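Trainee: Just dropping this structure here.
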Amino acid sequence: MKETQISAYISQETKDELEKLTRERGLKKGFVLEKDEGTRMKLADRVGRLHGSLLSKTPPPREAFLESRFWECRLCNFLSTCKPFEIEGLELGPILVYDLDNTLLDSRDRWRSSLKDAGLLPDADFKQVPLETRTRFWSIYYGEKFIDLDRTVDRYLSKIRESPNRNIVIVTARPEKLRSTTEDRLRALSIPFRALLMRRENDRAPDRVVKLTWVENLLAAGYRVEEFVSSSGELVEAAQKMSQKYPPAPSPVRAV
């Protein structure tokens, strides 16, 4: 007999009925989830809001997007209606996507200074570094203390300035709290951009995943990524493979 889990919010009085149902249907085992008033209220509130959206024929709240559950947005039937990944003021069409750190900006001096400030050697093996020290390092590195040490990388800066396509989107694993400082730094260095996509609050994913997620979100929205420019060949290769999931296929995403 196939083991099946029966899940429901039930009262004590219906447990006998559940056991009877389990026997009648030949189920091997049934499970009971005790009633939880807090969860019930949360579900009732959500159903009420969704019902209100259906009655008013308006998109429901973008809760998945706001909570950074981007994969849910990409699979949602209302993606073209909700438009969570469209950038305000940037119409769907061809765009250029640039990686920030170690592509447009050379952050090696910031890295070295952050290591020293955290009490780590330049060749520190992070796998052997205690969690508390690693946390302190990342807090320094992704803080404002040494951010002015970043320098432009001439080959990429020349390319971005000379590009006829001015719809430039920059992706970075820097946290959202550095938005103002980072945007000011980009403007001070005369680096043009239409949008800056950053790591969302409480996102602990590796840098590579953060950047690829934003690229996939742009493709899912309907933007045509003509180029994804990064100094990381591995990152660009992953973006190239990803672009094939969104037909019609965009112009080849390539490294420079």
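The values are calculated or read from the model by the stated rules, or taken from the named source; none is laboratory data. Everything quoted here is computed from the prediction, not taken from an experiment. Using ideal geometry, Cβ is built from the backbone for each residue, glycine included, and neighbour counts are taken over all protein chains shown.
Trainee: For Lys241, which of the numbered conditions (1) modelled with pLDDT under 90; (2) surrounded by 15 or more Cβ atoms within 10 Å (Cβ to Cβ) fails to hold?
Mentor: Tallying (1) modelled with pLDDT under 90; (2) surrounded by 15 or more Cβ atoms within 10 Å (Cβ to Cβ), Lys241 fails exactly one: (2).
Trainee: Cβ-Cβ distance below 6 Å, separation of 6 or more or different chains: which pairs start in region 52-68 with a residue that is assigned to a helix (DSSP H, G or I) and end on one that is surrounded by 11 or more Cβ atoms within 10 Å (Cβ to Cβ)?
Mentor: Ser53/Pro60; Ala64/Glu72; Ala64/Cys73; Phe65/Cys73; Phe65/Pro84
Trainee: Can I ask one more? List pairs: first residue in region 140-158 and more than 13 Å from Arg112 (Cα to Cα), second residue modelled with pLDDT of 90 or more and among the acidic types (Asp, Glu) anywhere in the structure, Cβ distance under 8 angstrom, at least six positions apart or on different chains.
Mentor: Pairs that qualify, where the first residue is more than 13 Å from Arg112 (Cα to Cα) and the partner is modelled with pLDDT of 90 or more and among the acidic types (Asp, Glu), are Arg151/Asp106; Arg151/Asp109; Thr152/Asp106; Val153/Asp106.
Trainee: If you go through region 116-145 one residue at a time, how many are under 26 Å from Arg185 (Cβ atoms) and either assigned by TED's automatic domain parsing to the domain that holds Val171 or basic (Lys, Arg) (or both)?
Mentor: Here the count works out to 4.
Trainee: Which one of these is surrounded by 13 or more Cβ atoms within 10 Å (Cβ to Cβ), of a type in the set (Asp, Glu) and more than 24 Å from Ile160 (Cα to Cα): Asp109, Asp101, Asp117?
Mentor: Values: Asp109 fails: more than 24 Å from Ile160 (Cα to Cα); Asp101 fails: more than 24 Å from Ile160 (Cα to Cα).
Unique residue meeting the criteria: Asp117.
Trainee: Find all pairs meeting these conditions: Cβ atoms under 7 angstrom apart; at least six residues apart or on different chains; first residue within region 187-205 and at negative phi and assigned by TED's automatic domain parsing to the domain that holds Ala173; second residue in a loop (DSSP other than H, G, I, E, B) and of a type in the set (D, E, K, R).
Mentor: So the pair list comes out as Pro192/Arg166.
Trainee: If Ser113 meets every condition in (1) among the hydroxyl-bearing types (Ser, Thr, Tyr); (2) modelled with pLDDT of 85 or more; (3) within 25 Å of the chain's Cα centre (by Cα); (4) not assigned by TED's automatic domain parsing to the domain that holds Arg199 apart from one, which number is that one?
Mentor: (3)
Trainee: Take the conditions of a type in the set (D, E, K, R), within 22 Å of Asn77 (Cα to Cα) and modelled with pLDDT of 60 or more and apply them to Lys57. Does it pass?
Mentor: Yes, satisfied.
Trainee: Looking at Arg185, Arg166, which one is within 24 Å of Ser107 (Cα to Cα) and not aliphatic (A, V, I, L, M)?
Mentor: Details: Arg166 fails: within 24 Å of Ser107 (Cα to Cα).
Answer to the selection: Arg185.
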